[in-house]
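Enquirer: The structure that follows is given in the form of structure tokens.
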Number of protein chains: 2
Amino acid sequence: MRKGEQTRAAILDAALELASRDGLEGLTIGLLAERMQMSKSGVFAHFGSREDLQVEVVREYHRRFEDEVFFPSLREARGLPRLRAMMNRWMEKRIQEVTTGCIYISGAVEYDDRAASAVREQLVHSVGMWREALLRAIRQSKDEGHLKPETDPHLMLFELYSFTLGLHHDARFLHLPEAVQLTRDALEKTIQSYQTPAAGANGSVTQPAPPATTNLTSQQTDSR
Amino acid sequence: MRKGEQTRAAILDAALELASRDGLEGLTIGLLAERMQMSKSGVFAHFGSREDLQVEVVREYHRRFEDEVFFPSLREARGLPRLRAMMNRWMEKRIQEVTTGCIYISGAVEYDDRAASAVREQLVHSVGMWREALLRAIRQSKDEGHLKPETDPHLMLFELYSFTLGLHHDARFLHLPEAVQLTRDALEKTIQSYQTPAAGANGSVTQPAPPATTNLTSQQTDSR
């Protein structure tokens, strides 16, 4: 990585931290320059404008989200094991974010009634991509026979997504110690309400082959 | 109402509108004075400080919430009819707030990682009172035999509360046209998962007396 790229990455890292704490609208070039011990013009040299910087912060958050939550889940078997892995990793990230904040959730409130802007657009786009990935995993779980054929993917998505909003609210705002356990229970209750008997109580699906891998996958998923 | 009280009520009304739109932290005496066409010292004469004003705005929102959502629901029969009425009225308020904003939801994000303050304390207290009222209605529904004895009131509260956060998120941030219907479906699915067979498909509970009133109540609840 060239020196310029390293500096840009370091600025972006600091910007993501500030935006998680103070919101995207709380992010200013001045604050960032102070944090980086750089001049404002030094920051501007890497990001043309405050709005460009905000958009890049959303993109960077999305990249990290995909690396931490989405891509590792693709290693799990298609269908319910993968959907469960996505939800488990997402919950882990939410639990971390109880202390650091989440720009998707704070951003959703910051930009909910604002006029169209590049930042809002990028935020809706990124959140939308994750929701599409979840929808796809739900549909694949139906195709694999892990979820009942009458499962409404949009309703299931609404339930799962709402519980992660609830976790953030109860843990971060209300400081409820039982928030994580309640979220796990609610997610499990919802998944089981859609699950077929063939998918088993723990999502360990009997598949023709390779059975050993499938069992291992299920155990890994369960132990999280 | 005396002239001074009228002015105070008018300032509070404008403050609530501004805070719903811009958040409690977006509320300034200067902005409010401009909106009221008053001097800043005129506003200060009614509210000692910006923080006092913010606390009063939270209290005023809570009073209105109780008047619109909680108190009218107490007219319904104790148990599931009352719980359903509370949820229906709360949803109606959330639907209105898709355009105006909700200081409980924006406040939860604004104050989630802030140090203890009078505003945060009042916000947590007000949200907590509403959650206590919901918990009480859930417990009464169990006592009346409308909900299964194994119902975990805290889990049910988590589910119901999360769905109203999901409604706000999907309607106000993502602009999803199906958000209201999905929320209704998710709430209904949750209530039915806890409901006893005796409580009936629509929450119309067979009670010894007076049956006519009970039926009417259930119909009113259903038609909303």
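Enquirer: Per residue of region A:153-170, in order, report the coupling 6.51 cos²θ - 1.76 cosθ + 1.60 (Karplus, θ = phi - 60°) as ³J(HN,Hα) in whole Hz, putting x for Gly and Pro.
Expert: x, 5, 5, 5, 4, 4, 5, 4, 5, 4, 5, 6, 5, x, 4, 4, 4, 6
Enquirer: Another question, if that's okay. Expressed as a rounded percentage, what relative contact order does region B:58-223 have, with Cα pairs under 8 Å and six or more residues apart? Show your work: numbers first, answer last.
Expert: Working: 143 pairs, mean separation 44.1, N = 166.
With pairs under 8 Å counted, the relative contact order is 27 percent.
Enquirer: Can you sort A:170, B:112, A:13 by how many other beta carbons sit within 10 Å, fewest first? Write down the numbers at each step before the final one.
Expert: Details: A:170 25, B:112 20, A:13 13.
Ascending number of Cβ neighbours within 10 Å: A:13, B:112, A:170.
Enquirer: What does the charge dipole of region A:59-223 about its Cα centre add up to, to the nearest 20 debye, if the Cβ of each Lys and Arg holds +1 and the Cβ of each Asp and Glu holds -1?
Expert: My answer is approximately 340 debye.
Enquirer: From the cross-link list B:93/B:189; A:142/B:93; A:93/B:148; B:3/B:93; A:142/A:189; A:148/B:93, which pairs have alpha carbons spaced over 29 Å apart?
Expert: Values: B:93/B:189 21 Å; A:142/B:93 35 Å; A:93/B:148 34 Å; B:3/B:93 31 Å; A:142/A:189 17 Å; A:148/B:93 34 Å.
From the list (B:93/B:189; A:142/B:93; A:93/B:148; B:3/B:93; A:142/A:189; A:148/B:93), the Cα-Cα distance tops 29 Å for A:142/B:93; A:93/B:148; B:3/B:93; A:148/B:93.
Enquirer: By count of other Cβ within 10 Å, fewest leading, how are A:187, A:123 ordered?
Expert: Working: A:187 20, A:123 26.
The order, fewest Cβ neighbours first, is A:187, A:123.
Enquirer: Per residue, how much space in cubic angstrom lies within the convex hull of the C-alpha atoms of the protein assembly as shown?
Expert: Numbers: hull volume 74.5 nm³, N = 448.
Convex hull of Cα atoms, per residue: 166 Å³.
Enquirer: Now, a different point. Using the beta-carbon distance between residue B:92 and residue B:175 and R0 = 25 Å, what value does 1/(1 + (r/R0)^6) give for FRET efficiency, to the nearest 0.05?
Expert: Working: r = 19 Å, r/R0 = 0.77.
Working from the Cβ atoms, E equals 0.80.
Enquirer: Right, next: Between copies, how far apart are the residue B:1 label points? List them in nm, one decimal, shortest first, with each point 7 Å from Cα toward Cβ, please?
Expert: Copy-to-copy label distances for residue B:1: 5.9 nm.
Enquirer: Same structure again: Starting from the Cα gyration tensor of region B:93-203, take the square roots of the eigenvalues, sort them a ≥ b ≥ c, and report rounded, prolate or oblate (rounded when a/c is under 1.5, otherwise prolate if a/b is larger than b/c, else oblate).
Expert: On the way: a/c = 2.92, a/b = 1.40, b/c = 2.09.
Since a/c reaches 1.5 but b/c is at least a/b, the shape of region B:93-203 is classed as oblate.
Enquirer: Another question about this same structure. Which whole-angstrom value gives the distance between the alpha carbon centres of region B:13-65 and region B:77-120?
Expert: Between the Cα centre of region B:13-65 and that of region B:77-120, the gap is 19 Å.
Enquirer: Please list log₁₀ I(q)/I(0) at q = 0.14, 0.20, 0.22, 0.23 Å⁻¹ for region B:17-138, using the Debye equation with identical point scatterers on the alpha-carbon positions.
Expert: Debye output, listed in q order: -0.66, -1.12, -1.25, -1.31.
Enquirer: Further question on the same structure: Pairwise over distinct Cα atoms, reciprocal of the mean inverse distance: report the Kirkwood radius of region B:131-192 in Å, one decimal place.
Expert: Across region B:131-192, the inverse of the average 1/r is 12.5 Å.
Enquirer: Put a point 7 Å out from Cα along the line to Cβ at residue B:41; what are the distances to that point in the other copies, in nm, shortest first?
Expert: Reported distances to equivalent positions: 4.4 nm.
Enquirer: Can you give the translational diffusion coefficient of chain B in µm²/s, computed by Stokes-Einstein from the Kirkwood radius over Cα pairs at 4 °C and 1.567 mPa s? Please list the in-between numbers first.
Expert: Working: Rh = 19.1 Å.
Using the Kirkwood radius from Cα pairs, D works out to 68 µm²/s.
Enquirer: Given H placed 1.01 Å from N in the peptide plane, which residues other than close sequence neighbours of residue B:147 have an amide H under 5 Å from its amide H?
Expert: B:142, B:196
Enquirer: Would you please give the FRET efficiency between residue B:41 and residue A:143, computed as 1/(1 + (r/R0)^6) with r the Cβ-Cβ distance and R0 = 45 Å, to the nearest 0.05?
Expert: My answer for the efficiency is 0.10.
Enquirer: Another question, then. Towards the positive end of the charge dipole of the protein assembly as shown, with charges on Cβ (+1 Lys, Arg; -1 Asp, Glu), say which of B:155, A:171, B:24 has the farthest Cα.
Expert: Farthest towards the positive pole: B:155.
Enquirer: Using the Karplus curve 6.51 cos²θ - 1.76 cosθ + 1.60 with θ = phi - 60°, work out ³J(HN,Hα) for each residue of region B:26-32 in order, rounded to whole Hz, and write x for Gly and Pro.
Expert: For region B:26-32, the Karplus-derived couplings read x, 7, 10, 4, x, 4, 5 Hz, x marking Gly and Pro.
Enquirer: Hey, another quick one. Assume the label is 7 Å from Cα along Cα to beta carbon: what separations in nm does residue B:189 have to the matching positions in the other copies?
Expert: With the label placed 7 Å along Cα→Cβ, residue B:189 yields 1.3 nm.
Enquirer: Say R0 is 25 Å: what FRET efficiency, to the nearest 0.05, do residue B:66 and residue B:21 get from their beta-carbon distance?
Expert: Working: r = 22 Å, r/R0 = 0.88.
The pair residue B:66/residue B:21 has a calculated efficiency of 0.70.
Enquirer: In addition: By count of other Cβ within 10 Å, fewest leading, how are A:17, A:51 ordered? Write out the running numbers ahead of the final one.
Expert: On the way: A:17 16, A:51 13.
Going from least to most buried by this count: A:51, A:17.
No lab work stands behind these numbers, since they all come straight from the coordinates. Quick caveat, the model's predicted, so the values are computed rather than measured. Neighbour counts run over all protein chains shown; Cβ positions are idealised from the backbone, glycine included.
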